[in-house]
Amino acid sequence: MLQPLKLIFFSLLITSYSLSAQSQLKSDIKIYKNIGIIKNATGWAYNNQENSWTDHPNYIKKNIAEEEPSTHNKSTTISKAYQNFDSINLKTINYKNHFYYLLIVKCLEGKYTYPTLKKDWNYQSETKIFIFEETDINNLKSLNDYLCITTSRKIVITSKIENDEEFISNIKRELIRLPSKSSKKYTFVIRKLDNESVHFLLPQRYVEDPIETIQNKYFEISLKDYYKFLGLKTQDKSLY
């Protein structure tokens, strides 16, 4: 009779510890609702050989001089793109009374099973989460020309997140991690072209100057949609 009672007691102890851990997890981090979302943007790329531009919805073609095989489906084409997205979300979080912003990019990524032979391409859905300081996003609100903001905090999720606790756990783990000098840096490049449109490239590691890169390839959205994404009203005169 004692053995079953011990098992019950142990089970209750584990459950109590799990609930206590979840309570602690929620107590020092709070994730707010979406500030804004981008679901549609035109991806532009310049062809130096033909001196012309090509455009595609929500992706920037990697090599516009390369012919796409007729066997390629849409998802294969998009997953091979220089950059692509299905949606871009912006959220605010508060961790230990410090505000951060989450830039959440849902996209397609892929690779060859045999990269040397360039055979058997496989693709999958990914969610990339970039964590920025509050001051970085505030700088985007007064964009006048070019601006680059950089972070070393990135999370890649390839499976479906089942609950809030799992999502929060991923965020907290990355916030606790102390970036080092050797940490990878991801740069978000934005350019306000005029009073009507904004160009941007999603956060990535750059070998070349990101300002030079955005001259020949970029996503384009209206200025109105850009401010809406940041949770701002375009009529706010302090933004100009």
Relative to the Cα centre, what is the charge dipole magnitude of region 72-154, using +1 at the beta carbon of each Lys and Arg, -1 at the beta carbon of each Asp and Glu, and rounding to the nearest 20 debye?
-> 300 debye
Over region 83-205: Rg over Rh, Cα atoms, Kirkwood Rh = 1.01
How do 197-206, 222-231 rank on mean C-beta neighbours within 10 Å, highest first?
-> 197-206, 222-231
Approximate shape of region 164-240 as ellipsoid semi-axes (Cα gyration tensor, √5λ), whole Å, largest first | 29, 21, 11
Of the listed links Lys128/Lys160; Lys80/Lys185; Lys106/Lys184; Lys119/Lys184; Lys30/Lys184, those spanning more than 24 angstrom between alpha carbons are Lys119/Lys184; Lys30/Lys184
Give me Rg over Rh for region 110-164, both radii from the alpha carbons and Rh done the Kirkwood way, two decimal places.
-> 1.18
If you roll a 1.4 Å probe over the heavy atoms of the protein chains, what accessible area per residue do you get for region 80-127, in Å²?
-> 56 Å²
Once both labels are modelled 7 Å past Cα along the beta-carbon direction, what's the Ser169-Lys106 spacing in nm?
-> 2.2 nm
Excluding ligands, DNA and RNA, the carbon-plus-sulfur percentage of the accessible area of region 110-173 with a 1.4 Å probe reads 43 percent
Considering only DSSP states other than H, G, I, E and B, which GluC sites (Glu not before Pro) in region 133-194 qualify as loop sites with at most 15 other Cβ atoms within 10 Å?
-> Glu162
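The values are calculated or read from the model by the stated rules, or taken from the named source; none is laboratory data. Just so we're clear, the structure is a prediction, and the values are computed from it rather than from any experiment. Methodologically, a virtual Cβ is constructed for each residue, glycine included, from the backbone with ideal geometry; neighbour enumeration extends over all protein chains shown. With ligands, DNA and RNA removed, areas are computed over all heavy atoms of the protein, side chains included. Shrake-Rupley method; radii C 1.70, N 1.55, O 1.52, S 1.80 Å.
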